[in-house]
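So the structure is just underneath, and the comments pick up after that.
The values are calculated or read from the model by the stated rules, or taken from the named source; none is laboratory data. Note that this is a predicted model, so its numbers are computed, not measured. Ideal geometry is used to build each Cβ from the backbone, glycine not excepted, and the neighbour counts take in all protein chains shown.
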Amino acid sequence: MGNTVIIGAQWGDEGKGKIVDLLSEHADFVVRFQGGNNAGHTMVVNGKEIISHLIPSGIIQQKKCFIGNGVVVDPFVLLDEIDYLLKNGIDASAKMLKISNRAHLIMPYHRRIDSAREDKIGAQKIGTTGRGIGPCYEDKAARRGIRFCDLLDFDLFKEKVRAVLDEKNFYLQHYFKTETLDPETLIREFESIRDRLIPYIDDVSVILDEGIKNGKTLLFEGAQGTHLDIEHGTYPFVTSSSVVSGNAANGSGVGPACFDEIIGIVKAYATRVGEGPFPTELFDDIGDRLQKTGSEFGATTGRKRRCGWIDMVVLRNAAKLNSLSGLAVTKLDVLDGLDEINICIGYEHKGKTITNFPAEIKILQECIPVYETHPGWKQDISKVREFKDLPVNARKYLARLEELSEVKIKIISVGPGREATIIKERIFK
Ligand code: GDP
Ligand code: IMO
Ligand code: MG
């Protein structure tokens with residue numbers, strides 16, 4: 001396998017974790033490059049479910065894992081996740097995992113501001129995961145963030161915390177009318193975990209570069225999905241990082257010429273968790289059925305995911321923005337038993353046809369999906385392992401997705417387990 005980037009093509013939860021776990025077998029290094037513990041990636045191996053929020057999913061296959069400079073890391077969540085993995089027999093010690101010295105720390109005030117802000121804006125809320133992601137990226141851009149390398153010089157760390165809390169406490173107390181944080185207590189909390197964190201801190205960019213020079217294979221694990229991207233998503237109903245493949249280079253400190261494959265993960269239907277426009281959302285029995293059959297609950301917050309038909313305006317946009325070289329279609333089994341399956345091929349807006357994803361939220365909210373209807377299949381496909389054994393209507397559905405997206409389908413997933421996979425075209429030897 002060449003160096004491969006995995007990107008969510010829709011609004012997240014496409015099944016990236018499963019595909020990263022599967023492909024990790026053929027990788028040496030697995031790298032997260034953006035987002036934080038807003039992500040929830042689920043792997044099912046030998047019937048056992050593991051959910052990771054921060055640590056690359058390649059840890060399950062015990063590959064060397066890296067958290068790049070573009071990720072925002074809540075160190076308390078990280079340590080809990082390391083312990084959780086260890087309890088499940090997975091080594092996530094500093095031998096297996098390195099965190100970029102340039103990665104920013106999600107601080108307790110980031111979490112507090114995230115939820116206070118959502119509470120204050122009420123009906124207009126984004127529906128964030130409440131993990132402090134947005135406030136942490138805000139501080140990064142405002143040049144007052146605290147990075148992992150700051151933990152190495154604890155006097156400097158203390159100075160930074162005291163200075164930043166002066167401002168945050170004013171904001172918390174006077175704007176949000178909520179509790180403030182005591183800098184000395186916060187410093188003590190970090191003092192108690194600092195020794196555990198230090199062995200993990202390294203210059204990830206340098207290690208990856210050496211790896212590339214020594215012929216190692218790198219797998220980059222995207223979090224969220226293209227339409228939650230801060231630049232290209234349904235702004236402001238987006239996350240605060242750049243999700244698209246271009247950022248796999250920037251967020252991990254490698255050059256953009258090192259990618260050989262960019263695989264878009266796409267659910268055979270569509271889901272979204274949190275607020276924001278979703279043109280193909282279903283509010284009927286079929287939507288309920290997709291939600292129940294697909295067990296569509298958020299892996300991070302447990303919220304019910306909104307469900308709808310697959311949207312080719314969205315998928316074509318993802319193909320364009322990410323230079324997708326292939327698709328992995330997941331959860332095809334969830335469509336089993338439906339009489340008919342719809343594919344959204346464009347939108348209608350005030351008598352006009354729209355085929356490119358609009359920037360304006362209001363327009364997107366007013367768009368009416370234009371559907372092409374395909375016959376479903378009645379068989380259970382969860383045991384199918386060869387493309388040729390899929391029902392003819394399932395093959396036709398996939399062929400139409402390929403045709404409309406102009407991207408080849410390379411992997412098809414028919415169940416949550418690692419084994420429930422059809423390799424249509426090998427991207428590894
Ligand atoms: P991620 O955030 O993109 O990694 O996706 P999540 O893990 O949040 O959500 C995907 C969910 O679908 C998880 O519960 C997976 O175990 C499950 N899943 C992945 N692929 C398939 C599939 O092909 N079929 C079914 N039925 N479930 C799947
Ligand atoms: P994975 O990696 C689905 C959504 C939230 C909210 C918006 C902003 O598992 O696919 P944030 O906390 O990031 O500020 O929330 O983004 N969101 C996700 N939705 N999957 C995710 O990650 C998500 N990460 C964030 O629900 O609408
Ligand atoms: Mg998820």
Quiz item: Can you tell me which residue in region 47-89 is nearest to Glu221 (Cα to Cα), limited to those that are among the polar types (S, T, N, Q) and in contact (Cβ under 8 Å) with a residue 40 or more places away in the chain?
Solution: Ser57
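Determine if region 257-276 includes at least one residue that is in a helix (DSSP H, G or I), touching a residue at least 60 places away in the same chain (Cβ under 8 Å) and farther than 26 Å from Ile343 by Cα. Steps first, answer last, please.
Step one: of region 257-276, the residues in a helix (DSSP H, G or I) are 257-258.
Narrowing further to those that are touching a residue at least 60 places away in the same chain (Cβ under 8 Å): 258.
Okay, now just the ones that are also farther than 26 Å from Ile343 by Cα, so 258.
Yes, that holds for at least one residue.
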Quiz item: With respect to Lys320, is the statement that it is more than 16 Å from ligand 3 (Cβ to nearest atom), surrounded by fewer than 19 Cβ atoms within 10 Å (Cβ to Cβ) and either of a type outside the set (Val, Ile, Thr) or in the same structural domain as Ser24 (by TED's automatic domain parsing) (or both) true?
Solution: yes
Practice problem: Please verify whether region 230-237 includes one or more residues that are in a loop (DSSP other than H, G, I, E, B), at pLDDT below 95, within 16 Å of ligand 3 (Cβ to nearest atom) and crowded, with 18+ Cβ neighbours inside 10 Å. | Solution: no
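Return yes when Val45 is among the hydrophobic types (A, V, I, L, M, F, W, C), away from ligand 3 (no atom under 16 Å from the Cβ) and within 16 Å of the chain's Cα centre (by Cα) and no when it is not. Talk me through it step by step, then tell me what you get.
Values: among the hydrophobic types (A, V, I, L, M, F, W, C): yes; away from ligand 3 (no atom under 16 Å from the Cβ): yes; within 16 Å of the chain's Cα centre (by Cα): no.
No, not satisfied.
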Quiz item: Assuming His53 fulfils every condition listed in (1) within 10 Å of ligand 2 (Cβ to nearest atom); (2) touching a Pro at 6+ places or on another chain (Cβ under 9 Å) apart from one, which condition is it?
Solution: (2)
Quiz item: Within region 288-295, is there a residue that is under 15 Å from Gly8 (Cβ atoms), in contact with a Cys (Cβ under 6 Å, 6 or more places away or on another chain) and of a type outside the set (Phe, Trp, Tyr)?
Solution: no
Quiz item: Given the conditions (1) away from ligand 1 (no atom under 15 Å from the Cβ); (2) at negative phi; (3) in the same structural domain as Trp377 (by TED's automatic domain parsing), and given that Glu296 satisfies all but one, which numbered condition is not satisfied?
Solution: (1)
Exercise. For region 24-33, state whether one or more residues are in a helix (DSSP H, G or I) and either within 19 Å of the chain's Cα centre (by Cα) or of a type in the set (S, T, N, Q) (or both).
Key: yes
Quiz item: Among the residues of region 330-341, is there at least one that is within 16 Å of ligand 2 (Cβ to nearest atom) and part of a strand (DSSP E or B)?
Solution: yes
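Which one is surrounded by the most Cβ atoms within 10 Å (Cβ to Cβ), of the residues in region 162-183 that are outside any loop (DSSP other than H, G, I, E, B) and among the basic types (Lys, Arg)?
Lys168
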Exercise. Could you list, in sequence order, all residues of region 397-424 that are more than 24 Å from the chain's Cα centre (by Cα) and surrounded by fewer than 15 Cβ atoms within 10 Å (Cβ to Cβ)?
Key: Ala399, Glu403
Practice problem: State all residues of region 345-358 that are in contact with a helix residue (DSSP H, G or I) (Cβ under 6 Å, 6 or more places away or on another chain) and not in a strand (DSSP E or B); if no residue qualifies, say none. | Solution: Phe357, Pro358
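Can you pull out the residues in region 16-26 that are more than 9 Å from ligand 2 (Cβ to nearest atom), touching a strand residue (DSSP E or B) at 6+ places or on another chain (Cβ under 7 Å) and not basic (Lys, Arg)?
Ile19, Val20, Asp21, Leu22, Leu23, Ser24
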Quiz item: So, in region 290-306, of the ones that are touching a helix residue (DSSP H, G or I) at 6+ places or on another chain (Cβ under 7 Å) and surrounded by fewer than 18 Cβ atoms within 10 Å (Cβ to Cβ), which residue ends up nearest to His41 (Cα to Cα)?
Solution: Lys304
